[in-house]
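Since the structure comes first, as structure tokens, the remarks are kept for the end.
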There are 2 protein chains.
Amino acid sequence: MRMPQLEPLPGLPERVTIYEVGARDGLQNEPTVVPAAVKAELIRRLVAAGLDLVETTSFVNPAWVPQLADAAEVLDLLGDLGRGPRRPVLVPNERGLDRALEAGVGAVAVFGSATETFARRNLNRSVAESIAMFRPVVDRARGEGLWVRGYVSMCFGDPWEGEVPLGQVVDVCRALIDLGIDQLSLGDTIGVATGGQVVALLRALDAVGIGVDRIGVHFHDTYGQALANTLRALQEGVTVVDSSAGGLGGCPYARSATGNLATEDLLWALQGAGVRTGVDLEAVVQTSRWLAGQMGRPSPSRVVKALTGD
Amino acid sequence: MRMPQLEPLPGLPERVTIYEVGARDGLQNEPTVVPAAVKAELIRRLVAAGLDLVETTSFVNPAWVPQLADAAEVLDLLGDLGRGPRRPVLVPNERGLDRALEAGVGAVAVFGSATETFARRNLNRSVAESIAMFRPVVDRARGEGLWVRGYVSMCFGDPWEGEVPLGQVVDVCRALIDLGIDQLSLGDTIGVATGGQVVALLRALDAVGIGVDRIGVHFHDTYGQALANTLRALQEGVTVVDSSAGGLGGCPYARSATGNLATEDLLWALQGAGVRTGVDLEAVVQTSRWLAGQMGRPSPSRVVKALTGD
């Protein structure tokens with residue numbers, strides 16, 4: 001099926017930057033370790049498709065995420081393509097930063113939590129302690145001239161705490177911005193958010209001086225809301241969207257572990273509305289199809305399914 | 001997971017009417033015939049969940065749609081619950097209307113096409129000939145005091161013709177309204193539409209005197225756009241949305257035949273935004289789960305999967 005005629009969608013930005021997370025966030029929950037060569041080839045293909053902001057890997061403790069224990073190897077395989085300010089890597093702490101700097105990266109991302117329970121489970125620290133842990137990471141990264149991103153998980157709902165008060169999210173965002181990070185990524189980690197919450201959080205952040213120019217949005221499709229929430233954020237002026245090629249992320253067969261917003265489904269919406277992204281949809285679809293073959297199961301992206309018949 | 005806190009979504013209507021199509025549009029493509037007793041039980045459960053506008057069945061020629069050959073039997077099993085102005089049935093022509101009137105229904109729907117190719121394939125007639133065929137159906141139905149709906153298929157894209165010119169869709173809508181029908185249902189039959197097209201069509205219809213008070217929207221999720229398009233239509237003032245319990249419709253495993261917008265995914269979005277529907281989400285989820293058991297395969301609704309772990 002060809003893309004239907006373009007019709008501008010009132011209120012959307014003219015251009016959107018896709019922050020491609022498939023190679024890191026998408027793969028990190030895969031039970032079967034994907035070879036480093038496949039990861040490097042995935043990133044090469046994504047970049048060739050026009051996705052020029054690609055998170056490549058993670059320098060967390062390999063014992064925590066065995067899937068990404070090959071971070072340095074993936075970057076070695078990529079050479080210059082894996083470096084620079086448009087190829088961030090995840091780092092949890094100074095040890096991770098050391099390894100990232102050793103690998104010569106040009107951008108890093110730290111990952112905080114809006115809730116105490118998830119901070120404990122994911123970082124083994126309170127929210128305040130995790131912010132304190134990030135401070136020297138951000139200081140040193142900035143001192144080295146790196147671009148720095150800060151993820152905020154569980155911005156809308158938390159599987160243990162339920163509702164997450166807006167003020168609590170704003171406080172964590174403010175603390176991260178005060179550390180000196182360049183961009184926040186607001187995460188709906190369990191995919192429960194609806195549009196009103198998205199608008200409310202963006203407006204609350206704006207009210208404390210964190211404008212949409214420093215915000216990316218990161219939605220999961222667990223409850224089918226990812227694209228709708230993303231488009232609503234764009235109507236509020238956000239221009240950076242996290243998505244994952246093929247909807248990689250979590251296992252499509254397991255409860256409450258469905259994937260990130262699929263890059264292809266996002267691209268379909270944006271291209272239809274005439275929003276420029278610089279990305280070749282067909283090339284991303286073929287990349288997801290190739291990766292599905294490598295992983296032995298179909299892509300959960302609806303656009304990939306519709307266009308390839310897989 | 002509990003529904004997160006309510007946050008009104010600016011620009012949405014206070015109340016939305018869900019037009020539940022699962023029992024008819026959802027089931028009609030099922031390859032295995034579902035017993036009439038299961039269909040009747042499905043409708044009883046949907047109504048008990050608060051879905052008070054439910055399309056029950058279709059009086060098309062049983063040779064065309066064997067799945068719905070039991071229309072009269074389903075209505076017999078339902079008794080009064082299957083009658084009245086809130087229980088439409090599909091009728092293609094006067095023969096179908098005869099059977100529907102014999103069964104004592106209180107509302108009917110005709111189904112037109114915005115494209116010539118689909119009109120030929122679905123109705124074996126040109127668009128103009130199909131409108132002519134509907135005229136005596138609508139006249140007689142209105143004479144009997146029935147509520148009358150008109151579906152318009154392929155409003156945004158057509159698998160044979162590709163792009164569908166806006167003016168062509170408006171002309172078909174205008175012709176149906178001129179017949180005297182009460183409500184249009186604008187269908188994205190192959191799920192390719194994006195938000196700008198939705199806004200453009202609604203505004204073009206308004207410009208020819210067809211306001212949102214006479215419009216329902218009907219999206220399929222083939223390209224992952226159904227919920228986003230629906231919410232955008234609500235922002236334009238539409239208050240009637242077609243959806244299908246559990247996302248029934250088409251086969252979830254086949255290309256370009258994915259289902260209708262899932263009623264549960266729509267309800268999640270609307271409840272989160274504080275939009276009233278009168279529907280009990282949990283009861284619909286349990287209904288879809290029960291039906292999935294009857295049909296031997298899981299519901300494609302993301303909310304059903306997330307809430308039930310199926």
What is the dipole size for segment B:21-98, taken about its Cα centre, with +1 at each Lys and Arg Cβ and -1 at each Asp and Glu Cβ, in debye to the nearest 20? 160 debye
In Å³ and rounded to a whole number, note down the convex hull volume per residue for the Cα atoms of chain A. 115 Å³
Going by average Cβ neighbours within 10 Å, how do the peptides A:265-273, B:213-221, B:294-302 rank, with the highest at the top? A:265-273, B:213-221, B:294-302
Shielding by other protein chains, A:154-162, mean Cβ within 10 Å: 2
Relative packing of peptides A:69-82, A:44-57 - highest average C-beta neighbours within 10 Å first: A:44-57, A:69-82
At 7 Å out from Cα toward Cβ: A:Glu94 inter-copy label distances (nm, ascending): 8.9
Output the antiparallel fraction of DSSP beta bridges having both residues in chain A, as a percent to the nearest 5. 10 percent
Report ³J(HN,Hα) in whole Hz for each residue of segment A:215-221, in order, from the Karplus equation J = 6.51 cos²θ - 1.76 cosθ + 1.60 where θ = phi - 60°; Gly and Pro get x. 10, x, 10, 9, 10, 9, 9
Order A:193-200, B:235-242 from most to least packed using the mean count of other Cβ atoms within 10 Å. A:193-200, B:235-242
Can you give me the convex hull volume of the Cα atoms of segment B:183-310, divided per residue and expressed in Å³? 101 Å³
Within 10 Å of the Cβ of an average residue in B:224-236, the count of other chain Cβ atoms is 6
Sorted from shortest, what are the nm distances separating the label point of A:Gly145 from equivalent points in the other copies, each placed 7 Å from Cα along Cα to C-beta? 8.3
For segment A:64-189, the Debye formula with one identical point scatterer on each Cα and no solvent gives log10 I(q)/I(0) at q = 0.09 Å⁻¹ as -0.25
Looking at the calculated P(r) for segment B:60-134, what percent of the C-alpha pair distances fall above 14 Å? 63 percent
Which single residue of chain B puts its beta carbon nearest to the axis of rotation relating B to A, and what distance, in whole Å, does that give? B:Ala228, 2
Tell me, what is the percent relative contact order of chain B, built from C-alpha pairs under 8 Å that lie six or more residues apart? 21 percent
Is there a simple number for the mean count of other chain Cβ atoms within 10 Å of the Cβ of residues in B:105-117, and what is it? 0
If we hang a label 7 Å off Cα along the beta carbon direction at A:Gly50, how far is it from the matching labels on the other copies, in nm, shortest first? 4.3
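Taken together, the values in this text are just the output of simple stated rules run on the coordinates, not laboratory data. Note that the coordinates shown come from a computational prediction; the quantities given were computed from them, not determined experimentally. Neighbour counts run over all protein chains shown; Cβ positions are idealised from the backbone, glycine included.
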